[in-house]
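Comments concern the structure below.
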Amino acid sequence: MDSSPALKTTEPVPDSMPEAPSQSRYHMKRCFAKYMEKGRRIMTLHHLMDELESAIDAKTERERILGSDLGYILCYTQEALVVPPHMAFAVRRSPGNWEYVKVSSDSLSVEGMSAADYLKFKEMIYDEEWAKDENALEVDFGALDFSVPHLTLSSSIGNGVDFISKYLSSKLSGTPDSTQPLVDFLASINYQGENLMINETLDTAPKLQMALIVAEASLASVPKDTPFQDFEMRFKEWGLEKGWGDTAEKVKDTIRWLSEVLQAPDPTNMEKFFSRLPMIFNVVIFSPHGYFGQSDVLGLPDTGGQVVYILDQVRALEEELLLRIKEQGINAKPQILVVTRLIPDARGTKCNQELEPIIGTKHSNILRVPFRTEKGVLRQWVSRFDIYPYLERFTQDATIKILDQLEGKPDLIIGNYSDGNLVASLMASKLGTTQGTIAHALEKTKYEHSDVKWKELDPKYHFSCQFIADTIAMNATDFIITSTFQEIAGSDHRPGQYESHAAFTLPGLCRVVSGINVFDPKFNIAAPGADQSVYFPYSEKQKRLTQLNRAIEELLYSRVDNDEHIGYLADKKKPIIFSMARLDTVKNITGLVEWYGKNARLRSLVNLVIVGGFFDSSKSKDREEMAEIKKMHDLIAKYKLKDQIRWIAAQTDRYRNGELYRWIADTRGAFVQPALYEAFGLTVIEAMNCGLPTIATNQGGPAEIIVDGVSGFHIDPNHGEESSNKIADFFEKCKVDNEYWNKISAGGLKRINECYTWKIYANKMLNMGCIYTFWRQLNKEQKQAKQRYIQMFYSLQLRNSMKTVPIKTDEPEQAAPKP
Ligand code: UDP
Ligand code: LCN
């Protein structure tokens, strides 16, 4: 849709179209007649354009139509609904901005529609009775958000902290009374019951301001590295407690920032001040599903990037917390607990162990709590899609264990993925704690029309639970962390994962007329990094793990087929294209194998190495994985790839994987990530960190991570031939220009160091924790009202949907596949 014309007007679409019917009436009618031909259905832009072309032969006439106002509607349409004699269009002018219009195929009249009416129209295609039920359940979270300020610019989406700092600055401006909420908030800060920052004597802004003036003056001639303890007693007399800093210099900075804010609030000082506040000591991170462990779990179903992300996140967060606590001058021990499911049948992993210290941290642990049912503890792994019936009880059990382990409440609760976010919401609401959510991936956009077709998909995926759980968590949480902009609001041409929850419908269950607004300031982009002690550039020779050379040589080049690898590379001199992922359909590893198989030029230039899954589909318990394994074998046979492909089973050792990326770089190869859709794509940044040129899908996160042609390349997974040719072009160019490979490798590394490191992430996340805790305090009443609505939705709707998911009965342990 690159060529789509700009809308001529800023008015709502129907208001700007009085002349639409008169333009090219005859041809337009033919076109609409064509759309009507196949009866009720959902159409995409692609269908609309194809059928327009077949209805109208003359190019000039087609162009005239597309240049007309009705043509504009077509060009900006994300989805069109045909319910003869009408069509409804969901028009998206820019990220987050949607309008709905209805066009009559007879008169070509154009009429605006509400989101609710548009959804009803859609339901007519799948469930007419429900669509016509006047009392069908409509859910409208937007109705409760009227008092919350929203962003207006698409370009600001994902910069929630910035917006809130600015908004707070204006809200706290004016009379001394305006800053009173900040004073009250400071008075509430404590560590294990002991006041920090200020005590009850400084209960008004003027009193606090005066104390700050006196304190600042008292430090004027004190050497800057004087410890806080040296003037602690004097500070206490003025009402100032610990927390301002560990040295005179730090204390002075904090005082200055707050004094500026109290005098005339501005976002810069506001942000600096909040980043110094001693508010976060104990953090709980939920990730219930999968095998959550530190070794031997990666590559198991449902256990991929989320585990890597959380473990790296914990290490970065703990480091940042320790630094901040020291700089605040407090003697406190931070604790981070990753709470997951205890799986008794742990398949050789440590997932049956209740408490496990996290490697590389001082005070962080994995806490595992089992799923309990009426029949007792569930022993086996459960797919993330089938997990809902266990979550409520898990939350209750986990809460008891957490309070016990932390000896008190956490200061921050973070959820991961749909299940973790729901559990985090339930617990945060019970304890009144600040909550953050991370989706990693929302399933809704992965499957076409997955909302309206939920009944068909439910036996396999239980979206009736997942989409409602996601909507509840998005609304309950104080802030949302995403890895990219596209995760929230997509791109100019494609809606974002969160954006797709703005309005959707589950006919027969509920019509969500306002699910989430991507202009809500709770959204923040904080991209993860990759552990740079594991994923470092191939060129750092002295750091290379040479002790692994023999093992990797065998892994890549030996000629035998065994449990770990099949296929071999006959011509060892060729560069390698490498891919590594769980064998989910959406990862499209089989797509890559097929592109390679079909492209003789590419085959003549490079070998292919794949890491993922295992070779015997009967060993898998995962539905999609079984199908993909079979497809891999079929493709290798069909395209006679045996001596050009090396298929290596899922790998669980990240150190060895790091060295593997570097070995591929030594062959002057590339990493290819061909996913049909990738929420973020940790493998992409791992490969880039190793200096391996990376060619990745343009559908999702990698489109943002890589700047095409500069720090890697984009490929379109829906156009295999074009993609495989683009990969071949790269290698051909490298053959003639020796420096080209180096240039792309260096471009990738530069991009990583500028934008994708865990240090940047941890800083942002703790700042969010502080500022949103104040924000929720300021919006207490609105938050409470919304919470009541959420509770009702949870009790009356989600709990019922959860009951439809079968509870597992344990299988004998020997039936479980080996990792
Ligand atoms: N991974 C692995 N072994 C495998 C497949 C993947 O260690 O056989 C790791 C990979 O290095 C990365 C993570 O699992 O750290 C996958 O994360 P990504 O974001 O690419 O995808 P996800 O699995 O989360 O969808
Ligand atoms: C889940 C995914 O599907 C990936 O795209 C992410 O990189 C991973 O989680 C970590 O956030």
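Is the shape of the chain rounded, prolate or oblate, going by the alpha carbon gyration tensor and its root eigenvalues a ≥ b ≥ c, with a/c under 1.5 for rounded and a/b larger than b/c for prolate?
On the way: a/c = 1.58, a/b = 1.18, b/c = 1.34.
Oblate is the answer for the chain, as a/c is 1.5 or above yet b/c matches or exceeds a/b.
How big is the gap, in Å, between the Cα center of the stretch 326-362 and the Cα center of the stretch 737-816?
The stretch 326-362 and the stretch 737-816 have Cα centres spaced 19 Å from each other.
Checking the cross-link filter: which aspartates and glutamates have an alpha carbon closer than 14 Å to that of Lys446, excluding same-chain neighbours under 8 positions apart?
Cross-link targets: Glu487, Glu499, Asp584, Glu624, Glu678.
Setting aside same-chain residues fewer than 8 positions from Lys132, which lysines have a Cα under 16 Å from its Cα?
The reachable lysines, counting only those whose Cα sits under 16 Å from Lys132, are Lys120, Lys122.
Ranked highest first by the average count of other Cβ atoms within 10 Å around their residues, in what order do 804-810, 504-510 fall? Don't skip to the end; give the middle numbers.
Values: 804-810: 14.3, 504-510: 23.4.
Descending mean neighbour count gives 504-510, 804-810.
Take each of the peptides 338-350, 719-731, average the number of other beta-carbon atoms within 10 Å over its residues, and list them starting from the highest. Please report the intermediate quantities before stating the final value.
Details: 338-350: 20.5, 719-731: 18.6.
Listed from highest to lowest mean packing, they are 338-350, 719-731.
Over the stretch 194-294, what is the relative contact order in whole percent, taking alpha-carbon pairs under 8 Å and six or more residues apart?
It rounds to 28 percent for the stretch 194-294.
Report the antiparallel proportion of the DSSP beta bridges in the chain as a percent, rounded to a multiple of 5.
Restricted to the chain, the bridges split so that about 40 percent are antiparallel.
Could you state the number of Å between the C-alpha centres of the stretch 443-514 and the stretch 655-725?
If you average the Cα positions of each part, the centres end up 27 Å apart.
Note down the relative contact order for the stretch 501-569 as a percent, whole number, built from C-alpha pairs under 8 angstrom at least six residues apart. Don't jump to the answer; show the numbers that get you there.
On the way: 38 pairs, mean separation 10.2, N = 69.
Contact order relative to length: 15 percent.
In this model, which of Lys619/Lys808; Lys444/Lys750; Lys38/Lys444; Lys409/Lys786; Lys224/Lys333; Lys171/Lys250 are farther than 29 Å apart at the alpha-carbon?
Numbers: Lys619/Lys808 19 Å; Lys444/Lys750 33 Å; Lys38/Lys444 26 Å; Lys409/Lys786 23 Å; Lys224/Lys333 25 Å; Lys171/Lys250 27 Å.
Violating the 29 Å limit, Cα to Cα: Lys444/Lys750.
According to a simple spin-label model (label point 7 Å from Cα along Cα-to-Cβ), what is the distance in nm between Gln263 and Asn800?
6.0 nm
For the chain, what does the helix formula give at 222 nm: sum of -39500 (n - 2.57) over DSSP H segments with n ≥ 4, over the residue count, nearest 500 deg cm²/dmol? Could the numbers behind the result be given before it?
Details: 30 runs with 347 residues, N = 819.
Per the formula, -13000 deg cm²/dmol.
Quick one: net charge around Asn698, please, counting Lys, Arg +1 and Asp, Glu -1 for every other residue with C-beta under 12 Å from its C-beta. Write out the running numbers ahead of the final one.
Details: positive: Arg494, Lys726; negative: Glu678, Glu704, Asp708, Asp716, Glu722.
Here the charged neighbours net out to -3.
Given Cα pairs under 8 Å that are at least 6 residues apart, what percent is the relative contact order of the chain?
Working: 1517 pairs, mean separation 100.4, N = 819.
Reported relative contact order: 12 percent.
At 1.4 Å probe size, with the rest of the protein present, what percent of the exposed accessible area of the stretch 513-665 is carbon and sulfur atoms?
Values: 3140 of 5950 Å².
Heavy-atom surface of the stretch 513-665 belonging to carbon and sulfur, 1.4 Å probe: 53 percent.
Suppose all protein chains stay in the model; what accessible area per residue would a 1.4 Å probe give for the chain, in Å²? Walk me through the numbers on the way to the answer.
Values: 32140 Å² over 819 residues.
Spelled out: the 1.4 Å probe surface of the chain, per residue, equals 39 Å².
Chymotrypsin sites (Phe, Trp or Tyr not before Pro) within the stretch 113-167: which are DSSP loop residues with at most 10 other Cβ atoms inside 10 Å?
Details: sites: Tyr118, Phe121, Tyr126, Trp130, Phe141, Phe146, Phe163, Tyr167; in loops: Phe146.
Answer in residue order: Phe146.
Quick check: at a probe of 1.4 Å, how many percent of the accessible area of the stretch 300-423 sits on carbon and sulfur atoms? Before the final figure, lay out each step's value.
On the way: 2050 of 4180 Å².
So the carbon and sulfur contribution to the accessible surface is 49 percent.
So how do 414-421, 107-114 stack up, highest first, on mean other-Cβ count within 10 Å? Could the numbers behind the result be given before it?
Numbers: 414-421: 28.5, 107-114: 15.5.
Going from most to least packed, we get 414-421, 107-114.
The values are calculated or read from the model by the stated rules, or taken from the named source; none is laboratory data. Only a predicted model underlies this, so the values are computations on that prediction, with no experimental measurement involved. Don't worry about glycine lacking a Cβ; one is built from the backbone with ideal geometry, like all the others, and counts go over all protein chains shown. Accessible surface is based on the protein model in full, side chains and every heavy atom, while ligands, DNA and RNA are left aside. Shrake-Rupley method; radii C 1.70, N 1.55, O 1.52, S 1.80 Å.
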